[in-house]
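Just so it is clear, none of the values below were taken in a lab; they were calculated from the coordinates. The model shown is predicted, which means the values in this text are computed figures rather than measured ones. Because the Cβ atoms are built from the backbone with ideal geometry, glycine has one as well, and the counts that use them run over all protein chains shown.
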Amino acid sequence: MTSEPLKSVRQAIEAESTVEKTKIEQPVRLGRYRILDEVGRGATALVYRAYDPQLDRFIAIKVLRERLAKDDDYREGFVREARLAAQLTHSNIVTIYDVGISDNKPYIAMELMEGATLEDILKRNAKLSLNTVLSIVRQLAGALSYAHKHGVVHRDIKPGNILILKDKKTAKLTDFGIAQIDETLAKTGRVTDKVLGTPEYMSPEQILGQSLDRRSDLYSTGVLMYKMISGLPPFMADDLGDLFKQIIRSKQPEIVIDNNLVKDDVNDLLRKLLQKRPEKRFQNAEQLLSEIRYIINKIIKPKEKQKAHFTSLTTRWTITMASSVFVSMCIGLVVVYAMQFRALSGIAYDYGHTVGKMIAYQSSEVVVLEDWVGLRALVKEVAKNEQLASIYILNRGGEVLASNLTFKKGQLFENPNSDEPVKKIDSTLIYRRTLADDSVLFDVSMPIYVGERMVGQLFVSYSASTIYDASNTTLITMLVVMLVTLLVVSAATLILAKQTSQDYKRVTLGLKKMSVGRVDSRILTERNDEASGLFIAFNQLAAYLERLSDSRQAGTVGDTRQFESIKFHSKHDDSLQQVDTVEINIEDKD
């Protein structure tokens with residue numbers, strides 16, 4: 001089957017349909033329906049326009065071809081699937097009224113649609129506009145979502161199964177479930193036309209003979225969307241084997257979208273729909289519908305904004321002033337905090353250096369005299385300072401002679417700091433380290449001298465919490481001040497901007513009234529500023545025009561020399577309050 005050229009297969013089907021047309025005699029009645037004329041035919045069925053006398057309405061009847069009606073399995077499957085599809089009631093699905101068998105001819109009675117199939121439209125217009133495509137796919141996705149929720153998979157999404165009604169807006173999907181019968185019987189070799197008829201829209205799993213679900217419908221929808229936009233399906237070949245290989249293995253070409261705003265979105269959507277593996281596609285039609293709506297809104301909303309192009313004076317002034325104050329306050333905050341932090345850090349360094357020099361001076365003679373009792377007493381006395389965390393008095397070899405941490409006595413001292421000192425004052429080194437609880441300690445390391453001879457070394461750690469607490473308090477205070485200032489400035493700007501905006505609106509409303517002949521309009525004001533001058537000028541113009549109007553009505557012409565060079569153009573424009581609704585129509589492309 002896959003070695004025959006696709007064109008020859010289709011030509012054979014068309015030839016068979018032509019021969020069969022001469023053989024088939026149009027029935028007069030099917031059940032209670034009176035057959036009027038033939039309106040279409042396909043590989044599996046003939047479609048007639050008929051009349052239902054019981055309900056007094058015209059309908060369409062699809063009758064199974066005679067050669068397929070003779071197959072018991074196909075006939076029963078046709079009726080079974082049609083009855084299942086008859087349970088679907090959706091605005092974008094052709095409604096089925098009745099299913100039955102008359103004179104051994106299975107038929108489906110459905111609503112009669114005035115319009116054309118999408119296949120006929122695509123024959124006249126190779127490509128459709130993007131808005132039209134999105135509208136069709138949106139309706140198609142809605143129909144599939146409804147059908148899939150009711151357990152019905154279409155299995156044969158193609159242009160021939162989509163009807164575009166006469167209003168050129170509504171798309172309707174038809175022939176639900178019929179492909180399931182064709183695929184089932186094709187495996188027995190009794191039916192092949194359906195499978196060979198529309199291979200371009202078959203999903204990879206359909207070609208491989210795997211089980212089909214709703215994701216196969218979404219793949220076919222992607223092919224349909226691709227063809228409507230580009231004019232060609234994503235994969236083409238004269239030989240079915242080559243075509244099937246492309247569908248299973250090849251990547252679809254990117255298509256060119258005229259709308260730069262959504263060209264990436266549309267290509268991403270098609271890429272998602274045409275994934276080879278079902279689990280990589282949209283998993284349901286709701287996801288597709290959501291994506292289509294997003295793209296449509298992305299196209300429409302910029303148009304609305306372009307029509308409005310209006311920014312409130314109140315909003316603009318308030319944001320501008322608030323932003324200016326915020327930026328200024330932030331810059332001031334950073335500068336002040338940095339200067340204060342530097343000053344407080346300097347105080348902390350000086351404090352540590354001073355305390356260290358005092359302890360080193362008091363302990364120098366005690367160390368020389370090796371008065372260990374006096375050294376311990378000195379350390380004990382100095383340790384009463386709550387800011388001092390630890391005190392170490394070392395000999396020249398680095399052994400701890402005395403410490404407020406008694407268990408360290410006699411041990412070699414290890415400097416807890418591995419980084420470079422943050423400050424160096426003469427021979428004194430000051431380190432900064434942060435503990436696990438985020439508290440900050442400063443370490444002071446300095447030699448102990450007696451005269452000019454070094455007799456030992458001092459290492460003192462002290463807390464800087466009070467210093468940094470003061471810095472944080474200042475920061476919080478400045479933030480509160482900044483917030484209050486920002487709120488006050490924003491509120492004041494908002495009030496002034498609203499007042500100014502209201503003034504402009506009053507003048508605008510007065511001019512609009514004047515433009516339609518309401519020359520008796522006035523703006524009342526008790527203000528004494530520029531706005532008051534504007535109101536007075538408006539009132540003077542209105543008064544002049546009113547006098548001019550009165551004089552003309554009295555048959556006299558007023559003095560208009562001062563207005564001879566002025567032309568008044570007035571138009572009542574509510575474009576800022578109203579935005580046109582953008583409607584996506586399904587129309588043939590000229």
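The table below lists the values:
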{"read-out": "Reciprocal of mean inverse Cα separation for segment 251-294 (Kirkwood radius, Å)", "value": "11.2"}
{"read-out": "Fraction of alpha-carbon pairs over 22 Å apart in segment 319-471 - percent", "value": "47"}
{"read-out": "Cβ-based exposure ranking for Leu441, Leu64, in which fewest neighbours within 10 Å come first", "value": "Leu441, Leu64"}
{"read-out": "Interchain or long-range residues, amide H under 5 Å from Asp371's placed H", "value": "none"}
{"read-out": "For segment 6-306, average projected area of the Cα convex hull in nm²", "value": "16.1"}
{"read-out": "Residue pairs, from the table Lys380/Lys409; Lys357/Lys380; Lys169/Lys276; Lys158/Lys227; Lys158/Lys301; Lys158/Lys263, whose Cα atoms sit over 21 Å apart", "value": "Lys169/Lys276; Lys158/Lys301; Lys158/Lys263"}
{"read-out": "Under-5 Å amide H pairs with Arg41, H placed in peptide plane, nonlocal only", "value": "Val47"}
{"read-out": "Whole-number percent relative contact order across segment 310-430, with pairs defined as alpha carbons under 8 Å at least 6 apart", "value": "15"}
{"read-out": "For Phe535, net neighbour charge (Lys/Arg +1, Asp/Glu -1) across residues whose Cβ lies under 9 Å away", "value": "+2"}
{"read-out": "Virtual spin-label span in nm between Lys168 and Leu261, 7 Å along Cα→Cβ", "value": "2.3"}
{"read-out": "Which of Thr44, Thr89 has the fewest Cβ neighbours within 10 Å, and the rest in rising order", "value": "Thr89, Thr44"}
{"read-out": "Ordering of 134-142, 107-115 by burial proxy (mean other Cβ atoms within 10 Å per residue, highest first)", "value": "134-142, 107-115"}
{"read-out": "Among 501-507, 127-133, 358-364, the order from most to least packed when residues are scored by Cβ within 10 Å on average", "value": "127-133, 358-364, 501-507"}
{"read-out": "Neighbour-count ranking [beta-carbon atoms within 10 angstrom, fewest first] of Met478, Met225", "value": "Met478, Met225"}
